[in-house]
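Peer 1: Input: one structure, supplied below.
The values are calculated or read from the model by the stated rules, or taken from the named source; none is laboratory data. Source: prediction; values computed, not measured. A quick note on method: Cβ atoms are made from the backbone with ideal geometry, for glycine too, and the neighbour counts reach across all protein chains shown.
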Amino acid sequence: MSRIGRRPIAIPAGVEVIVEDGNLIRVKGPKGELTEKVCENLTISVADGVCEVTRPDDTRVNRSQHGLARTLIANMVEGVTNGYQKKLIINGVGYSVSKSGNTLTLKLGFSHPVVLEDPEGITTEAPDATTVIVKGIDKALVGNYAANIRSWRAPEPYKGKGILYDGEVVRKKEGKGASA
């Protein structure tokens, strides 16, 4: 039995979980609404402020989908109640970020600034010239957009310059050095 899949999901007050035909899950909360389609073999039951996911048998497909479906629903409930955020730190001489409207402008050492539009459902903040905060209710969208921003200048191992996640440690390599 999946250890993750068998754990019940507590549904906080103000959050509504609706299971529609074909296992389409709709979660409504104070921050918005999310929908996700999960494996049709699984049974999702919502009662008394708790959502549970069960599988009919122990076939390989059902076992692999059990924990995934439970985690997706739990992430949706967390997203509509608290939301998700990723913080990025821009490290490097001359590297900076600015925000105007829903446009994020990154100066990353290229001959031109990188201009990114916030996708639907995502908001970004630039509290100072070296920090970007990506916020949203969908965990996957927040993570993908943060990874997209980071991909413009991933941290390099010699000087540590680039865009890092908050708390990320770059293992630095030794340079060429003079040989005797």
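Peer 1: Among strands (runs of 3 or more DSSP E) lying entirely in the stretch 1-90, which contain 1 or more residues that are crowded, with 16+ Cβ neighbours inside 10 Å and within 21 Å of the chain's Cα centre (by Cα)? Before you say what the answer is, go through the steps one by one.
Peer 2: Details: elements: 16-20, 24-29, 32-37, 43-47, 50-54.
Once the strands (runs of 3 or more DSSP E) in the stretch 1-90 are filtered for at least 1 residues that are crowded, with 16+ Cβ neighbours inside 10 Å and within 21 Å of the chain's Cα centre (by Cα), what remains is 16-20, 24-29, 32-37.
Peer 1: For the stretch 141-179, enumerate the residues that are among the aliphatic types (A, V, I, L, M), out of contact with any strand residue (DSSP E or B) (no Cβ under 7 Å at 6 or more places or on another chain) and modelled with pLDDT under 95.
Peer 2: We begin by selecting, within the stretch 141-179, every residue among the aliphatic types (A, V, I, L, M); these are 141-142, 146-147, 149, 154, 163-164, 169-170, 178.
Checking which are out of contact with any strand residue (DSSP E or B) (no Cβ under 7 Å at 6 or more places or on another chain) leaves us with 147, 169, 178.
Across the stretch 141-179, the qualifying residues are 169, 178.
Peer 1: Can you pull out every residue in the stretch 123-138 that is touching a Leu at 6+ places or on another chain (Cβ under 9 Å) and surrounded by 18 or more Cβ atoms within 10 Å (Cβ to Cβ)?
Peer 2: Going residue by residue through the stretch 123-138, those that are touching a Leu at 6+ places or on another chain (Cβ under 9 Å) are 124, 126, 131-134, 137-138.
Matches in the stretch 123-138: 124, 126, 132, 134, 137, 138.
Peer 1: Output the residues belonging to the stretch 71-101 that are among the hydrophobic types (A, V, I, L, M, F, W, C) and more than 30 Å from residue 26 (Cβ to Cβ). Let's see the steps before the verdict.
Peer 2: Of the stretch 71-101, the ones among the hydrophobic types (A, V, I, L, M, F, W, C) are 72-74, 76-77, 80, 88-90, 93, 97.
Scanning the stretch 71-101 gives 88, 89, 90, 93, 97.
Peer 1: Could you please find all residues in the stretch 38-71 being among the charged types (D, E, K, R) and touching a Ser or Thr at 6+ places or on another chain (Cβ under 8 Å)?
Peer 2: Filtering the stretch 38-71 down to residues among the charged types (D, E, K, R) leaves 40, 48, 52, 55, 57-58, 60, 63, 70.
If the condition is that a residue be among the charged types (D, E, K, R) and touching a Ser or Thr at 6+ places or on another chain (Cβ under 8 Å), then 52, 55, 63, 70 are the ones that fit.
Peer 1: Does residue 97 fit the bill of being touching a residue at least 24 places away in the same chain (Cβ under 8 Å), hydrophobic (A, V, I, L, M, F, W, C) and crowded, with 17+ Cβ neighbours inside 10 Å? I'd like the intermediate steps shown before the answer.
Peer 2: Details: touching a residue at least 24 places away in the same chain (Cβ under 8 Å): yes; hydrophobic (A, V, I, L, M, F, W, C): yes; crowded, with 17+ Cβ neighbours inside 10 Å: yes.
Against the criterion (touching a residue at least 24 places away in the same chain (Cβ under 8 Å), hydrophobic (A, V, I, L, M, F, W, C) and crowded, with 17+ Cβ neighbours inside 10 Å), residue 97 qualifies.
Peer 1: Looking at 89, 4, 25, 18, which is the one that is free of Cβ contacts under 8 Å to residues at least 40 places away in the same chain and on the phi < 0 side of the Ramachandran plot?
Peer 2: Numbers: 89 fails: free of Cβ contacts under 8 Å to residues at least 40 places away in the same chain; 4 fails: free of Cβ contacts under 8 Å to residues at least 40 places away in the same chain; 25 fails: free of Cβ contacts under 8 Å to residues at least 40 places away in the same chain.
Result: 18 is the single residue among 89, 4, 25, 18 that is free of Cβ contacts under 8 Å to residues at least 40 places away in the same chain and on the phi < 0 side of the Ramachandran plot.
Peer 1: Now a separate question. For the list (1) loosely packed, with under 14 Cβ neighbours inside 10 Å; (2) of a type outside the set (Ser, Thr, Tyr); (3) touching a residue at least 40 places away in the same chain (Cβ under 8 Å), I need the number of the one condition that residue 148 fails.
Peer 2: Unmet condition: (3).
Peer 1: Okay, moving on. Picking from 153, 171, which residue would you name as being touching a residue at least 24 places away in the same chain (Cβ under 8 Å) and part of a loop (DSSP other than H, G, I, E, B)? First the steps, then the outcome.
Peer 2: On the way: 171 fails: touching a residue at least 24 places away in the same chain (Cβ under 8 Å).
Criteria check complete, one pass: 153.
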